Each structure stands twice: as C-alpha cells, then as structure tokens.
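See structure below.
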Amino acid sequence: MSGQTKPKSEMTEEELMLMEEEEFTTGPLSVLQRAVKSNSQVLISCRNNHKLLARVKAFDRHCNMVLENVKEMWTETPSAGKGAKKLKPVNKDRFISKLFIRGDTVILVLKN
C-alpha cells in the first residue's frame, strides 16, 4: 500500500483506482501486467494438472484471464485391461486460439 491509513470504504474512487493500479504494478499481479504490456508468453499451471503456454490479453484481480495463442499441455496415463502391465504416460497438447480462464483454476503464473 502507498502509506494510506484510510479504510477502503472512506476512499474516493480516484484513490481506489490509484491504489489498484499500484497493486497491479508492484504486487504479485505485476507479472501479468508486464506480460500484457510486453505481449510476452507466460506459463500457467492449472488445478486440473494442465499447463498453458500463452499470451495474456487481459486479466483482473481474481486472475481471470483472456489468453491468445494458447498451447495446452498435459499427461495422460493410458488404462490397460485387468492384469496387464502399466502403460507409459503419454504427453499430449493442443492449440487454442482464444481462451478465457477463470482465476480459481490458476495455481501459478510464470513469466517466460
């Protein structure tokens, strides 16, 4: 915070916007802010154990994101019949041109 001691309920809209902008440029969301401004790729780890390599077009404080040129990557273990040997895991991926992802599925965002 920028040394403000006022509770949010007593702040003007302008003060709230300035505080939010400061949080986006200095806090954890600064990784996303820089990725949007520089149009660089980020690696996003999701709760379903999938990884997304993508460019961030927009985001909010909940980590909801609009992504472009997304490469989704995951591993599948093929199921064998009864008594058969365990098969090796298979790496899979797919391309998605545009994607909206809810912030509650995001575990980690890494700059590339």
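The set of residues in the stretch 1-55 that are free of Cβ contacts under 8 Å to residues at least 40 places away in the same chain and of a type in the set (Lys, Arg) comprises Lys6, Lys8, Lys37, Lys51, Arg55. Taken together, Glu76, Glu15 contain a single residue that is loosely packed, with under 14 Cβ neighbours inside 10 Å and not aliphatic (A, V, I, L, M), which is Glu76.
Only one entry in Ser40, Ser45, Ser9 is among the small types (Gly, Ala, Ser) and modelled with pLDDT under 95, namely Ser9.
Among residues of the stretch 56-71 being part of a strand (DSSP E or B) and touching a helix residue (DSSP H, G or I) at 6+ places or on another chain (Cβ under 6 Å), the one that is surrounded by the fewest Cβ atoms within 10 Å (Cβ to Cβ) is Phe59. Within the stretch 1-50, track down each residue that is more than 30 Å from Lys98 (Cα to Cα) and not in a helix (DSSP H, G or I). If the condition is that a residue be more than 30 Å from Lys98 (Cα to Cα) and not in a helix (DSSP H, G or I), then Met1, Ser2, Gly3, Gln4, Thr5, Lys6, Pro7, Met11, Thr12 are the ones that fit. Suppose the filter is of a type outside the set (S, T, N, Q), outside any helix (DSSP H, G or I) and either closer than 30 Å to Leu99 by Cα or touching a Gly at 6+ places or on another chain (Cβ under 7 Å) (or both); does Leu53 pass it? Yes, satisfied. Of all residues in the stretch 60-97, those satisfying the criterion of being within 28 Å of Thr25 (Cα to Cα) and free of Cβ contacts under 8 Å to residues at least 40 places away in the same chain are Asn64, Val66, Leu67, Glu68, Asn69, Val70, Lys71, Glu72, Ser97. Residues of the stretch 16-34 that are modelled with pLDDT of 85 or more and over 18 Å from the mean Cα position of the chain (by Cα): Leu18 alone.
Picking from residues in the stretch 79-112 that are loosely packed, with under 10 Cβ neighbours inside 10 Å, at pLDDT 95 or above and of a type in the set (S, T, N, Q), the one that is farthest from Lys57 (Cα to Cα) is Asn91.
The values are calculated or read from the model by the stated rules, or taken from the named source; none is laboratory data. Because the structure is a prediction, the values reported are computed rather than measured. Ideal geometry is used to build each Cβ from the backbone, glycine not excepted, and the neighbour counts take in all protein chains shown.
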